[in-house]
Every structure is written in structure tokens, then in C-alpha cells.
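Take a look at the structure set out below.
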Amino acid sequence: EPVLHRRAAEVEAFDDALRTLVEDMYETMDAAHGVGLAAPQIGVGLRLFTYHFANEDGVPGRGVVVNPVLTLSKISGAEPDPDEETEGCLSVPGL
């Protein structure tokens with residue numbers, strides 16, 4: 001998809017259209033039993049993602065992140081524990 005080959009644009013308008021997009025993303029994420037969905041995955045080139053993931057660090061279990069900034073750190077060389085860590089992507093169902 002072309003939208004996946006270019007940098008997503010910053011969200012500038014916090015309006016009803018954004019609210020509707022977020023609601024649609026929650027619906028799509030829930031229907032796919034996903035824990036996260038980025039706007040470019042549904043063809044929208046905006047820096048925005050929704051998530052639904054239970055945690056114990058005080059962060060709400062469901063939410064939306066707008067205009068995130070990635071900060072890189074050292075990558076662990078340890079192998080992931082298959083009983084504790086899983087990976088999935090709604091762009092590639094089944095993997």
C-alpha cells in the first residue's frame with residue numbers, strides 16, 4: 001500500500017473527524033481481536049494508533065496515541081520467552 005511507503009503526517013486537527021477515525025479504529029481493532037492498530041494500517045497516513053492492552057503500570061488499558069515520537073535504546077540480545085511474549089500484526093493476519 002502506498003501509504004505504508006511514506007512518512008505519516010502529524011495530526012493537526014483535533015476535531016469530530018479525528019474522533020470518528022479513532023472510533024472506527026477501535027471497532028476495527030476489536031473485530032480483529034487486536035491489541036493495537038496504526039492509522040497507516042487502514043490506509044490513513046496520520047501519526048496515530050489505538051491500543052488495548054492490560055498492564056500493571058498505571059497506564060490506561062485502552063487508549064489512543066497521537067503524534068508519537070520514537071526514542072531508540074539498546075536492543076536486548078536475549079531471546080523472547082514464547083510463554084510471556086507474543087507478536088502479532090493486523091497487517092499480516094495469522095503471523
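The values are calculated or read from the model by the stated rules, or taken from the named source; none is laboratory data. Only a predicted model underlies this, so the values are computations on that prediction, with no experimental measurement involved. Don't worry about glycine lacking a Cβ; one is built from the backbone with ideal geometry, like all the others, and counts go over all protein chains shown. Ligands, DNA and RNA are excluded from the accessible area calculation, which covers all protein heavy atoms including side chains. Shrake-Rupley method; radii C 1.70, N 1.55, O 1.52, S 1.80 Å.
Of all residues in region 1-19 being basic (Lys, Arg) and assigned to a loop (DSSP other than H, G, I, E, B), which is farthest from residue 68 (Cα to Cα)?
So, considering only residues that are basic (Lys, Arg) and assigned to a loop (DSSP other than H, G, I, E, B), the one farthest from residue 68 (Cα to Cα) is 6.
Output the strands (runs of 3 or more DSSP E) that fall wholly within region 31-87 and possess 2 or more residues being modelled with pLDDT of 85 or more and open to solvent by 50 Å² or more (accessible area, probe 1.4 Å), or say none.
In region 31-87, the matching strands (runs of 3 or more DSSP E) lie at 48-52, 62-66.
Quick one: is residue 8 surrounded by 12 or more Cβ atoms within 10 Å (Cβ to Cβ), modelled with pLDDT of 95 or more, under 22 Å from residue 52 (Cα atoms) and in contact with a Phe, Trp or Tyr (Cβ under 9 Å, 6 or more places away or on another chain)?
no
Starting from region 25-46, keep only residues that are over 21 Å from residue 6 (Cβ atoms), then list their pairs with residues that are surrounded by fewer than 18 Cβ atoms within 10 Å (Cβ to Cβ) whose Cβ atoms are within a distance under 6 Å, requiring at least 6 positions of separation or different chains.
From residues that are over 21 Å from residue 6 (Cβ atoms), the pairs are 32/90; 34/90; 35/52; 35/53.
Assuming residue 22 fulfils every condition listed in (1) out of contact with any helix residue (DSSP H, G or I) (no Cβ under 7 Å at 6 or more places or on another chain); (2) open to solvent by less than 30 Å² (accessible area, probe 1.4 Å); (3) in a loop (DSSP other than H, G, I, E, B); (4) not basic (Lys, Arg) apart from one, which condition is it?
Going through the list (1) out of contact with any helix residue (DSSP H, G or I) (no Cβ under 7 Å at 6 or more places or on another chain); (2) open to solvent by less than 30 Å² (accessible area, probe 1.4 Å); (3) in a loop (DSSP other than H, G, I, E, B); (4) not basic (Lys, Arg), residue 22 breaks only (3).
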